Amino acid sequence: MVIKWLDIEARRRRGKGLASSDGRQREHVSANSLVKAYEEDAQRKRALIERARATNDKLLLIVEALRRLSHDADLMSLLEDEDLGTIPRNLADRFRVDQKGTR
């Protein structure tokens, strides 16, 4: 019960606000610094979206190339002769979706 009482006393002295535990005062944030931080974060997110789109475009190109190559019977028989006739399930699933025409 002593610990609980000490916590209550500390809060009574400190008040209801959010104070740092080491007793330092919080820095005041200006409107300009908030706007600058917001703009920097928005720019980082725009760059991330651009990289994601570029990566998606590359993936679509690779999937389409592999899908077209999978229709070449000679290539497929050569790959099977070399024990390379299987592909990862997630790529095979993409081929099936693409062949249905939903992508």
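The values are calculated or read from the model by the stated rules, or taken from the named source; none is laboratory data. Just so it is clear, the model here is predicted, and its values are computed rather than measured. Don't worry about glycine lacking a Cβ; one is built from the backbone with ideal geometry, like all the others, and counts go over all protein chains shown.
Annotations for the structure displayed:
- Condition met for L34 (of a type outside the set (K, R) and modelled with pLDDT of 85 or more): yes
- Output for the stretch 35-89, where each listed residue is in contact with a Phe, Trp or Tyr (Cβ under 9 Å, 6 or more places away or on another chain) and of a type in the set (A, V, I, L, M): V63, L66, I87
For (1) in a helix (DSSP H, G or I); (2) at pLDDT 85 or above; (3) exposed (fewer than 11 other Cβ atoms within 10 Å of the Cβ); (4) out of contact with any helix residue (DSSP H, G or I) (no Cβ under 8 Å at 6 or more places or on another chain), each residue gets a yes or a no:
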position: D7; (1), (2), (3), (4): yes, no, yes, yes
position: R13; (1), (2), (3), (4): yes, no, yes, yes
position: A42; (1), (2), (3), (4): yes, yes, yes, yes
position: R53; (1), (2), (3), (4): yes, yes, yes, yes
position: I62; (1), (2), (3), (4): yes, yes, no, yes
position: I87; (1), (2), (3), (4): no, no, no, no
position: A92; (1), (2), (3), (4): yes, no, no, yes
